Each structure stands twice: as structure tokens, then as C-alpha cells.
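Here's the structure we're looking at; comments come further down.
The values are calculated or read from the model by the stated rules, or taken from the named source; none is laboratory data. Computed from a predicted model, the values in this text were never measured in an experiment. Glycine gets a Cβ as well: all are built from the backbone with ideal geometry, and neighbour counts include every protein chain shown. Quick note on the areas: whole protein, heavy atoms, side chains included, nothing else; ligands and nucleic acids left out. Shrake-Rupley method; radii C 1.70, N 1.55, O 1.52, S 1.80 Å.
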Amino acid sequence: MLDATRRDTPETPTARPHQVLVVVRGASAGRALGDYALGVAERLGLGVLAAYVDTLPRYGDRLSRRERFAAGVAGDAAAFGENAAARGIGFEHVTASGKASEAVLAIVHGGRRIDFVVLDPAIGIEEVARRSPVPVFGLRVADGKGGRGRRMPQQRNPGRLTMSERSRKRTLARTVVFGAAAVALYAAVFTHSDFIADLSAKGGFYAVVPVVTVFLFSYVHGSFTGAFWSALGIEASKGATAGKQATAGAAKRKDGRAVAQVNA
């Protein structure tokens, strides 16, 4: 739930300036987050709107938690506002509870003129970027020492997500493993071709050797090819494959597949 009553400089909707929305998890914005947001706002001539989000509103004693959260926000927002005022930057702050993505949607669609969003390093960027109608930047701190390290902003375009680091590493590992297995199989066949031919010629149970060999090559080589193209960011269209199977031998028809659009 968004609390839009807590703000430093009330303005009418028509007079509201363009702002950078800084989403803070909890009641305290880190030094790196505040410095980065103010630096960007100063360069672009924007104001700053800090949204302090209590992502665990039902945890523990609710009344006590709300009081501590409100007190922490008041102190942090005062310091944030002083830093903004010293640099000639307009500053406001609001509080919210629940999911950060919901808070961003409520603020962006609440009549404010938000140009883009900067997220606290503790907030995952994927869900917010997927639902936000404006560009979202995630901030990572290199050394993890409370915001004193080098700042590394990561942009995500709304409506579009990239492969996660874990998925990328898994795909690269599959590419290497199946690639090595394919090389080993080809080498084994070329160096032991006579043995495989003699084994297959025995007949009986050994007649399955060529079939097993073909299936093994097909599986390993196919897995390597799929992982390789996935590592390059190229994915096969499932809709196209299904369409080809369903319309084999039929006349060509107009492609009715949905096309994803990105809100810039």
C-alpha cells in the first residue's frame, strides 16, 4: 500500500517536475544509491522522488514495526533531502508496503512524471523491470561494504528480460560438456571403425549396435547444437516448429504468430 501523504514539497499535478524514482528497500537508502541518484538527477536536471518500501509489513509486531519504519524513514529522508538541497535538486519522498514492483506501478501511474527508476541493490530488478512502463536501472555495489564500493548501474528495458547469470552459466557448461562428448564420439568411431563394423556384422543381439550408435550421436550432437545456439542467445521458435508439423504438404498461409513488443 502506498502512502502518498508523506512528501516534502507538495505540488499540484500540473506543476510536478520530471523525476527520478529511487526505490529503497526498508527505511534507509545506501550511500551508493543516494549518490548515484543525485548525480544522475543533477546531470539531467530532474527531481528525485524516494520511495521507501517496507517489503515485510506483516513480519513480527506490526505496530512496532510500522513505528520503527516511520522513524527510520523520517531520519533518512531528512538527510537525503539535505544532500539534494545542497546540490539544488528537488526532493520528495513517499512510503509504501508490500512488493517493490507494485509500489513502482502505483507511483508511475499515480500522475507523477517519472522518467526512469533506480532500484536499491537489495531489490531484484527482473520483476520490477518486467512490469514497469519506464526504464529501470538496478544498482550493484562491487565490494559489498554498505554502498562504499564502485557503483555499477544495470539497465533493463521494460517488458524485456535477459537470461539470468545462473541460466547462462548452465548453458555454457552444457555446451562444453556435450561438445567434448561429441568430439570423443567422433574420434572413437574413426579410430575403431573396424571394430564397430565387425561387431555389427555378428547379427543377432549385435544388430542393435548401429541403431544405438545413431541414437547416441543424435542425442549428443543435438544437445550440443541446442546449447551452443542458446549460449549465443538464439532460441528456436516453438510456434514455427509446431506449424510446420501441422501443415506439412498444405498450402502456405499467413504467419499468425504473436510478436512481442517493447515499450521504450
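Before moving on, here are some points about what is shown:
- Remark: pairs (first residue in the range 91-103, on the phi > 0 side of the Ramachandran plot; second residue open to solvent by less than 20 Å² (accessible area, probe 1.4 Å); Cβ separation under 9 Å; 6+ apart in sequence or on different chains) = GLY98/VAL53; GLY98/ASP54.
- Test: residue in the range 113-126 that is assigned to a helix (DSSP H, G or I), open to solvent by 40 Å² or more (accessible area, probe 1.4 Å) and within 23 Å of LEU56 (Cα to Cα): yes
- Note on the range 134-147: residues that are surrounded by 14 or more Cβ atoms within 10 Å (Cβ to Cβ) and either outside any strand (DSSP E or B) or modelled with pLDDT under 85 (or both) total 7.
The rows are residues; the columns are (1) farther than 21 Å from GLY88 by Cβ; (2) at pLDDT 90 or above; (3) open to solvent by 30 Å² or more (accessible area, probe 1.4 Å).
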| position | (1), (2), (3) |
| --- | --- |
| ARG7 | no, no, yes |
| PRO10 | no, no, yes |
| PRO13 | yes, no, yes |
| GLY39 | no, yes, no |
| ALA51 | yes, yes, no |
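- Among the residues of the range 95-112, just one is under 23 Å from LEU38 (Cβ atoms), open to solvent by 20 Å² or more (accessible area, probe 1.4 Å) and of a type in the set (A, V, I, L, M, F, W, C), namely VAL108.
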